[in-house]
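Visitor: Please find one structure pasted underneath; my questions will follow.
The values are calculated or read from the model by the stated rules, or taken from the named source; none is laboratory data. Quantities reported herein were computed from a predicted structural model and do not represent experimental measurements. Cβ placement follows ideal geometry from the backbone for every residue including glycine, while neighbour counts extend to all protein chains displayed.
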Amino acid sequence: MRFLERAGLTLAMLMIATAAFGAGFAVWEMGTRSSGMGGVMAATADDPSAIFFNPAGLVGQEGQQLGVYLTNVIPRTEFSGIAPNPGYGVTERLDDPIFFLPQLYYTRTINENLAAGIGFCTPYGLAVEWKNPDTFTGRGIATLTDLKTYFFIPTIAYRLNDRVRVGLGLNIVLGEVTLNQRLFSEMPNPAEAGKVVVEGDANIAVGVNLGLLVDLNEDTRFGFSYKSGINHEFEGEVEFIEMIDNVQLPSNGDASTEVPLPAMYTIGLAREFTDKLMMEINVMRIEWSAFEELKLVFPDTTKVIEENYENTIQFRFGLEYAYKPELTLRTGFVYDESPQPMGSTGPVLPDSDRTGFSVGGTWTHGNIDLEFYNLCLFFKDREVRENYEGFNGDYHTYTNLCGLGFTYHF
């Protein structure tokens, strides 16, 4: 049973990662233009990525637009254990993962008051693989975590009057995940007894996007967006592989859990100071307090794990400057709180508060926009002393995100 509890706790930590909106290794950079301005878009919302950021922005975009964007995420994490933990005196690192998150948006103006569109994006992505898995001191918790999620977002928007627009979209969510860890036998003869591999798919989950845009005057716009919470069900298979003889491992079988994805509220204010310079500020609240516990169901037992996440706030600021008719430049800043308590901070998801700085731009030629951005995220060092598994130490993380985009107007 002890083996099963360990595997259950690791699966629980994996579910935390799948639910990590905002902080963690979730990715808000779902549009190249927005990312160049620190992730703001709730009030501007005038390119195809409005499908994700604020669906009300589809009204007012002329004709048809196709946006194809790609975000590259490059995390760098180091771990140093503290005495008397096994990692004391050594520094261990991730295996330099790089993962690619595509976005595809199509919008169409039906008439001056009505527009529609559909989007595909991947706002959750986790690729954590530790170097030297045979010797990594945290291998009893995780050596590999690979998460992919897929959002399909049909959207419609309507203009109520000259100043007010509203929008509605559906989040139709799929996903898949792989997790590897090692299992150890108990005292008095501890040994690396086996491997556990968890693979599975998330059931289809559905949520809603709501958006509101209000033109306060010719130069100032207010935006509000809401993404509903989702109860995300995950079903997978657990395989136990023996590494030594004469050890009793649990039976292979099914595992499942249900994870509440938190609701999100974003308000934004955009102002044009001149015909060349625009600023936007966004504040986002994420309802992480809904994530109080996880219930893990196995064929012969159920395990409940307390989580006690806290609500978080994000602050985002962006500037856009039309340097030339064919060239627009951008910069931005972001502060993002982590909801993760110290107890669950570990090899699966070593998270902390972070600040970020971005630059970007667009080159326009005819009906084609070519876009780019780079975002540097600096994580606050996390000194973990009360990990649920007793795996304590210090985490140092830096992540670079960069992206390219292509928008075609027709």
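Visitor: If I filter region 312-322 down to residues being in contact (Cβ under 8 Å) with a residue 40 or more places away in the chain and over 15 Å from the mean Cα position of the chain (by Cα), which single residue comes out as farthest from E287 (Cα to Cα)?
Guide: So the first thing to find is which residues in region 312-322 are in contact (Cβ under 8 Å) with a residue 40 or more places away in the chain, and the list is 312, 314, 316-322.
In the following step, the residues that additionally are over 15 Å from the mean Cα position of the chain (by Cα) were identified as 316-322.
Numbers: R316: 18, F317: 21, G318: 24, L319: 28, E320: 30, Y321: 34, A322: 36 Å.
If we take residues in region 312-322 being in contact (Cβ under 8 Å) with a residue 40 or more places away in the chain and over 15 Å from the mean Cα position of the chain (by Cα), then A322 is farthest from E287 (Cα to Cα).
Visitor: What do you reckon, is G60 more than 18 Å from the chain's Cα centre (by Cα) and either of a type in the set (S, T, N, Q) or assigned to a loop (DSSP other than H, G, I, E, B) (or both)?
Guide: Values: more than 18 Å from the chain's Cα centre (by Cα): yes; either of a type in the set (S, T, N, Q) or assigned to a loop (DSSP other than H, G, I, E, B) (or both): yes.
Yes; evaluated as a whole, the condition is true for this residue.
Visitor: Is at least one residue of region 33-45 modelled with pLDDT of 90 or more and in a strand (DSSP E or B)?
Guide: First pass over region 33-45, keeping only residues modelled with pLDDT of 90 or more: 33-45.
With the extra rule that they be in a strand (DSSP E or B), the set shrinks to none.
No: zero hits.
Visitor: Can you spot a residue in region 386-406 that is without any contact (Cβ under 8 Å) to a residue 60 or more places away in the chain and either more than 30 Å from N252 (Cβ to Cβ) or in a strand (DSSP E or B) (or both)? Give the derivation first.
Guide: Kept after step one, since they are without any contact (Cβ under 8 Å) to a residue 60 or more places away in the chain, are these residues of region 386-406: 386-387.
Of the ones still in play, those that are also either more than 30 Å from N252 (Cβ to Cβ) or in a strand (DSSP E or B) (or both) are 386.
Yes, there is a match, as at least one residue in region 386-406 is without any contact (Cβ under 8 Å) to a residue 60 or more places away in the chain and either more than 30 Å from N252 (Cβ to Cβ) or in a strand (DSSP E or B) (or both).
Visitor: If the Cβ limit is 6 Å and pairs must be 6+ apart or interchain, which residue in region 72-97 that is within 29 Å of W28 (Cα to Cα) and of a type in the set (V, I, T) pairs with which residue that is surrounded by 15 or more Cβ atoms within 10 Å (Cβ to Cβ) and modelled with pLDDT of 85 or more?
Guide: Partner pairs satisfying both residue conditions: V73/L401; I74/N400; T77/T397.
Visitor: Sticking with this one: Any residue at all in region 132-148 that is touching a helix residue (DSSP H, G or I) at 6+ places or on another chain (Cβ under 8 Å) and of a type in the set (F, W, Y)?
Guide: Within region 132-148, the subset touching a helix residue (DSSP H, G or I) at 6+ places or on another chain (Cβ under 8 Å) is 140-142, 145, 147.
This time we only want the ones that are of a type in the set (F, W, Y), so: none.
No, region 132-148 contains no residue that is touching a helix residue (DSSP H, G or I) at 6+ places or on another chain (Cβ under 8 Å) and of a type in the set (F, W, Y).
Visitor: Any idea which residue in region 337-385 is surrounded by the most Cβ atoms within 10 Å (Cβ to Cβ), counting only those that are in a loop (DSSP other than H, G, I, E, B) and hydrophobic (A, V, I, L, M, F, W, C)?
Guide: Residues of region 337-385 in a loop (DSSP other than H, G, I, E, B): 337-341, 345-353, 366-367, 380-381, 385.
Then keep just the ones that are hydrophobic (A, V, I, L, M, F, W, C); that gives 348-349.
On the way: V348: 26, L349: 23.
In this case the residue turns out to be V348.
Visitor: Given the criterion among the β-branched types (V, I, T), modelled with pLDDT of 95 or more and more than 23 Å from the chain's Cα centre (by Cα), identify the matching residue among I156, I118.
Guide: Details: I118 fails: more than 23 Å from the chain's Cα centre (by Cα).
Only one candidate passes the filter, namely I156.
Visitor: When only residues in region 150-169 that are in contact with a Pro (Cβ under 7 Å, 6 or more places away or on another chain) and buried (at least 18 other Cβ atoms within 10 Å of the Cβ) count, which is farthest from E199 (Cα to Cα)?
Guide: Restricting attention to region 150-169, the residues satisfying the condition of being in contact with a Pro (Cβ under 7 Å, 6 or more places away or on another chain) are 151, 155, 157, 167-169.
Those still in the list that are buried (at least 18 other Cβ atoms within 10 Å of the Cβ) too: 151, 155, 157, 167, 169.
On the way: F151: 20, T155: 32, A157: 38, G167: 37, G169: 30 Å.
Taking the candidates together, the pick is A157.
Visitor: Restricting to region 98-122, and then to whatever is out of contact with any Leu (no Cβ under 8 Å at 6 or more places or on another chain) and either of a type in the set (F, W, Y) or in contact (Cβ under 8 Å) with a residue 60 or more places away in the chain (or both), can you tell me which residue is farthest from S34 (Cα to Cα)?
Guide: Applying the filter and picking the extreme gives F99.
Visitor: Given the structure, is A83 touching a helix residue (DSSP H, G or I) at 6+ places or on another chain (Cβ under 8 Å) and either surrounded by fewer than 24 Cβ atoms within 10 Å (Cβ to Cβ) or not hydroxyl-bearing (S, T, Y) (or both)? Break it down into steps so the answer makes sense when it comes.
Guide: Working: touching a helix residue (DSSP H, G or I) at 6+ places or on another chain (Cβ under 8 Å): no; either surrounded by fewer than 24 Cβ atoms within 10 Å (Cβ to Cβ) or not hydroxyl-bearing (S, T, Y) (or both): yes.
Spelling it out, it is not the case that A83 is touching a helix residue (DSSP H, G or I) at 6+ places or on another chain (Cβ under 8 Å) and either surrounded by fewer than 24 Cβ atoms within 10 Å (Cβ to Cβ) or not hydroxyl-bearing (S, T, Y) (or both).
Visitor: Let me ask another. Give the residue that is surrounded by the fewest Cβ atoms within 10 Å (Cβ to Cβ), with candidates limited to residues of region 124-136 that are in a loop (DSSP other than H, G, I, E, B) and touching a strand residue (DSSP E or B) at 6+ places or on another chain (Cβ under 6 Å). Let's see the steps before the verdict.
Guide: Within region 124-136, the subset in a loop (DSSP other than H, G, I, E, B) is 131-136.
Still in the list and also touching a strand residue (DSSP E or B) at 6+ places or on another chain (Cβ under 6 Å): 131, 136.
On the way: K131: 12, F136: 23.
Top of the filtered list is K131.
Visitor: Tell me the strands (runs of 3 or more DSSP E) entirely within region 182-296 that contain at least 2 residues that are modelled with pLDDT of 85 or more and buried (at least 21 other Cβ atoms within 10 Å of the Cβ).
Guide: Values: elements: 192-215, 220-227, 230-242, 253-261, 264-272, 277-286.
It comes to 192-215, 220-227, 264-272, 277-286.
Visitor: Ok, one more. Within region 128-155, work out how many residues are free of Cβ contacts under 8 Å to residues at least 40 places away in the same chain and among the small types (G, A, S).
Guide: Result for region 128-155: 0.
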